[in-house]
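Working notes, structure below.
We did not get these values from a lab; they are worked out from the coordinates using the rules stated. This one's a predicted model, so the numbers in the text were calculated from it and none came from an experiment. In this analysis, Cβ positions are derived from the backbone assuming ideal geometry, glycine residues included, and neighbour counts consider all displayed protein chains.
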Amino acid sequence: MEQFFDASEAEQRIYRQWEESGAFLAGAGAQDDAESFCILIPPPNVTGALHMGHAFNNTIQDILIRWHRMRGFATLWQPGTDHAGIATQMVVERELEKSGQPSRRELGREAFLERVWEWKERSGGEIIGQLKRLGASCDWSRNRFTMDKGFHDAVLQVFINLYEQGYIYRGKRLVNWDPHFETAISDLEVEQVEVSGKMWRFRYPLENDETYQHPIAYDEDGEPTAFETRDYLVVATTRPETMLGDTGVAVHPDDSRYSHLVSKSVKLPLAGRSIRIVADSYADPEKGTGAVKITPAHDFNDWEVAQRCGLPAVNVMTPKASMTLKDNAEFLEGCDTAPEALDLDGLDRYDARRRIVDLARQQGWLDGVSEERHAVPHGDRSKVAVEPYLTDQWFVDAKQIVQPAMDAVRDGRTRIYPAQYESIYFAWLENIEPWCISRQLWWGHQVPVWYDAEGNRYCAASEAEASRLAGGRSIERDADVLDTWFSSGLWPVGTLGWPEDTPELARYFPTNVLVTGFDIIFFWVARMMMMQLAVVKEIPFDTIYVHALVRDEHGKKMSKSLGNVIDPIDLIDKYGADAVRFTLTSMASLGRDLKLSESRVAGYRNFVTKIWNAARFAEFHNCDSRQDFNPNGVSHSLNRWIVGATAAATESVDAALAAYRFDDAANGLYDFLWHKVCDWYIELSKPLLATGNAEVALETRGTIAWAVEQSLRLLHPFMPFVTEELWALRKCGEGMLVLQQWPMLSSEELRDPGADAKIQWVISLVGFIRSERSKMLLSASAPLTLHVMELDETDKTALDDYREPIMRLGRLSEVVVEGASSGIYSFKVGNSLFSLQLPTNIDLQNALGRLESRRLKIDSELSKMEARLGNQAFVTKAPATVVEETRLRKAQLEGERNLVEEAIERLRSLLGE
RNA sequence: GGGCGCGUAGCUCAGCGGUAGAGCACUACGUUGACAUCGUAGGGGUCACUGGUUCGAUCCCAGUCGCGCCCA
């Protein structure tokens, strides 16, 4: 065997073997009647590259899948990719532009879509290869794409289904409009970006010579003390360009300043439109002047006000967010528009903003400007400010289908881990808004609705069917495509073959666990719940495991602009996939972001090496794997101890995984392998292997082989590559590790308390010796003699059995059972007393100082115990076991104090004090 | 403004009503035939702060301060 595991050489080879052996296929290795276990991969965007979030998310899934597969479940990890409407269209458009080809619009819809498919075939599978690098054991033979024929049919089927049930409708509503992509986007695709901007105040002149008293000074109680007479209202805005679409000014109904002005009107500057003053509680008297301009076609709140107060909506922008005025009948109606206003026609919204502010200043209706930080909605893809925009769109009336999704979680049919995310889920569902599902894109599932010349709608799965419904009238298909999340909402049933009645649906649906980041609870999880329940009337999964985000080592979100992105593939290249996986797993504590640092990965790469070398040790000592090895049949206490410890480790891994405590599982295995198997079991076994007792040596070889083999099985879900490689090198058995049985060990059956106590005693004794040596500043190689001053029966057996390993690990030259000790310091291990004979040249002064500080510590601890026991309330009220423990601890401390005291006396006399 | 979460060793984090833990980093010593990607030992903490409950609080409760995220 080589000295290290060469991950870069082995990983791709091993992965190929797994795939070729069919180990990842649905149900591989399972009995026909096995229980099923299914996870659906959150489909990465087909444009995507593997980032740390994916690496984390998929490592967790792979652990669950491999664990269940080894436990004999019929497992399916269903993979696939998402067509990612906007993202993909963007990538292909950019590519066309770069290579100087005709643009999307020049190509036309059909030709463009051909290009997208070409692109998909050419470069769409990159992330799949990266998932393989990570070791993801998906059933790739079932790989799906959300634009596949079958999946596409399912999506249309659901649309039709929901349409016919009345859950989908078309309506003219304000939507978030992305002027860059010229499409509607959903609320969730909008992110608020805090920017420093300006707040402009405009004076809108009152018509018909109306005036009112505006307070200009206040007393201590905030009561106005002075007023001025105004013939205008001041309104404030951060988006002056929208003023041309104002159709009203709102004041609060209880605002006494303005109450007599309600129903009167102001003249909208530039546009020359006469607009009404309305009373609506949306206007906050405390904010600004208490008067708000109302632009129903370009603001969500204003739209609501307009609905309530009967104000018209005037759209003044094009889909590209430039001004449209000259040929805009809506805008011109009833207006006496100034020529300088018409000159704004065609200007971009920001140019128009500047011009309008200039004009306001010149014409004297600019009341003032202030700097302000405020949140501006941006498209999450395009990164440009979105405009609320009035268009015809398709909506899912989410309110109507939300109830079953809430009930399922409330009554526990679907559980969310950790539970704190339930409240996020409910908070969103309880306040759900209509979901805008149409996008003005080309790449995606085109809405299956056709229109005839009169505008009648025909919703059908095909043009032929629609035509039949239309009675042969000429029809035209709706140009919009569906929101990508609408189709991914169907991922559970869609990937399993619905609407066909497939065996996979019968066997694997509802699925078991969904593993996902909290950032897509709304986008995806809640919608899958709603849609599966609406369409097939069943929950899509019984558990949702929600994990946090992977951040950089300082807690910053990884982003290209910050330059702190860690590429998981780079890490895999450098440290191996096993180390990367183990790092992420060990940090997967519930509900907390994980901060990733490279040094941690390096640390777990060392763990891989440690495992490797444990196996190498077994090889050097001819510890061959034996099929007939019976862990219950070993007799030597060391072997009995490790057998029990292995069972205990198995049980804690199982318990941790069952509770989704991946960190506990990983840390437990790390501790078991490194600090039990390597540090003590292998070390203590060395003399046994060299002993003349062939029977013990043989049993120990077998147990070492067994312990290493069990470790490989236990570690396999976490570190599949190195364990698979060692499984083969150690010739542990037929077939690959991936399909071997998970250890079924019961510590109740295998644990031997006597052996445990014995080994624990040996470990303590060696620990004392090492610690004394080091504290006395003795070199590691200085020979020491251990004097045994008192020895009880049990300890005597332990000492006899482990004399050689104790000498070796404690680096003793001699163990003297009889005769007086010339040691300074005695120490108690178990019920026996020991002393180390130290060389004459030690620094006595230093030793004295150390003992005195030790005594100080004991005294302080002792006084705590005494105080506690002296407290009558403690003795009577605390549980008896706690009182007893305290008494025991006190007695222990007193014993130790005596030993220390004696040692101090002895040292003092040696020093002549 | 509403909600959620977090403040524990230099760093990253576990933990828990009764002796404060891990990994990394740090210091000293060390190549003994698995492993220097290693071994042994060690230093380092007012468990954010203030009150309360309790025999006992790092842990439970309330408040304060600081930080992060989500929603408006």
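List of remarks:
- In chain A, taking the dipole from charged Cβ atoms about the Cα centre, the farthest positive-side position among A:Ile424, A:Thr247, A:Ser467 is held by A:Ile424.
- Only the Cβ atoms of Lys and Arg (+1) and of Asp and Glu (-1) were treated as charged; on that basis the dipole of the range A:744-851 about its Cα centre amounts to roughly 620 debye.
- Paramagnetic label zone (point 7 Å from Cα along Cα-to-C-beta, A:Ala728; backbone N under 12 Å) in the range A:9-30: A:9-21
- Span from the the range A:777-808 Cα centroid across to the the range A:82-117 one, whole angstrom: 78 Å
- Note on the range A:697-831: Rg/Rh from Cα positions, Kirkwood definition for Rh, rounded to two decimals, is 1.12.
- C-alpha long axis of helix A:720-729 to longest principal axis of chain A, angle in °: 40 degrees
- Of the GluC sites (Glu not before Pro) found in the range A:437-481, the ones in coil according to DSSP and having at most 12 other Cβ atoms within 10 Å of their Cβ are A:Glu454.
- Distance from the C-alpha centroid of the range A:570-607 to that of the range A:331-400: 48 Å, rounded to the whole angstrom.
- Charge tally around A:Val262: other residues with Cβ under 13 Å, Lys/Arg +1 each, Asp/Glu -1 each, net -1.
- Computed FRET value (nearest 0.05) for A:Arg373 with A:Lys595, which takes r as the C-beta separation and R₀ as 25 Å: 0.30
- Computed from label points 7 Å out along Cα-Cβ, the spacing between A:Lys149 and A:Ser863 is 8.6 nm.
- Antiparallel %, DSSP beta bridges [both residues in chain A], to 5: 70 percent
- Segment A:Phe426-A:Glu790, length gained on full extension (0.36 nm per residue, minus Cα span): 124.3 nm
- Computed from the C-beta positions of A:Gln12 and A:Arg122, the FRET efficiency with R₀ = 25 Å rounds to 0.70.
- Among the trypsin sites (Lys or Arg not before Pro) within the range A:714-820, those in coil by DSSP and having at most 15 neighbouring Cβ atoms inside 10 Å are A:Lys731.
- If you take all other residues with their beta carbon under 11 Å from the beta carbon of A:Gly197, and give Lys and Arg +1 and Asp and Glu -1, the sum is +1.
- For chain A, the longest principal axis of the C-alpha atoms and the axis of helix A:149-164 are separated by about 60°.
- Spacing of the modelled spin labels on A:Asp411 and A:His675, each 7 Å from Cα toward Cβ, amounts to 4.7 nm.
- The range A:642-671 and the range A:466-516: distance between their alpha carbon centers, rounded to Å: 41 Å
- Charge dipole of the range A:161-220 about the Cα centre (unit charges at C-beta), most positive-ward option of A:Leu162, A:Tyr218, A:Leu188: A:Leu162
- Estimated at 0.36 nm per residue, the fully extended path between A:Glu454 and A:Lys172 surpasses their Cα-Cα distance by 99.7 nm.
- Point-to-point label distance, A:Leu777-A:Asp628, nm (Cα→Cβ direction, 7 Å offset): 6.0 nm
- Each of A:Val262, A:Val316 has some number of other Cβ atoms within 10 Å of its Cβ, and from fewest to most they run A:Val262, A:Val316.
- Dividing the summed helix terms, -39500 (n - 2.57) for each DSSP H run of n ≥ 4, by the number of residues in chain A produces a 222 nm estimate of -14000 deg cm²/dmol to the nearest 500.
- Förster radius 45 Å - calculated FRET efficiency between A:Val384 and A:Leu25, Cβ distance, rounded to 0.05: 0.50
- Alpha carbon convex hull of chain A, projected area averaged over orientations, nm²: 54.5 nm²
- Tilt relative to chain A, helix A:109-123 - C-alpha long axis, 0 to 90 degrees, to 10: 10 degrees
- For chain A, the residue among A:Met531, A:Asn831, A:Val305 whose Cα projects farthest onto the positive side of the dipole built from Cβ charges is A:Asn831.
- Exposure proxy ranking, count of Cβ atoms within 10 Å, fewest first, for A:Phe768, A:Phe24, A:Phe620: A:Phe620, A:Phe768, A:Phe24
- Assuming charge only on the beta carbon of Lys and Arg (+1) and of Asp and Glu (-1), the dipole of the range A:190-380 about its Cα centre is about 500 debye to the nearest 20.
- Arranged from fewest to most other beta-carbon atoms within 10 Å of their beta carbon, A:Thr229, A:Thr646 become A:Thr229, A:Thr646.
- Cleavage-rule hits, GluC sites (Glu not before Pro), the range A:687-747, DSSP coil, Cβ neighbours within 10 Å at most 15: A:Glu734
- When the P(r) of the range A:190-380 is calculated, the portion above 26 Å amounts to 31% of the C-alpha pairs.
- Taking every alpha-carbon pair under 8 Å whose residues sit at least 6 apart, the range A:596-757 reaches a relative contact order of 37 percent.
- Summing Cβ point charges (Lys, Arg +1; Asp, Glu -1) relative to the Cα centre of chain A gives a dipole of roughly 1600 debye.
- Neighbourhood charge, 10 Å Cβ-Cβ cut-off, centred on A:Glu9 and excluding it, Lys, Arg +1 and Asp, Glu -1: -3
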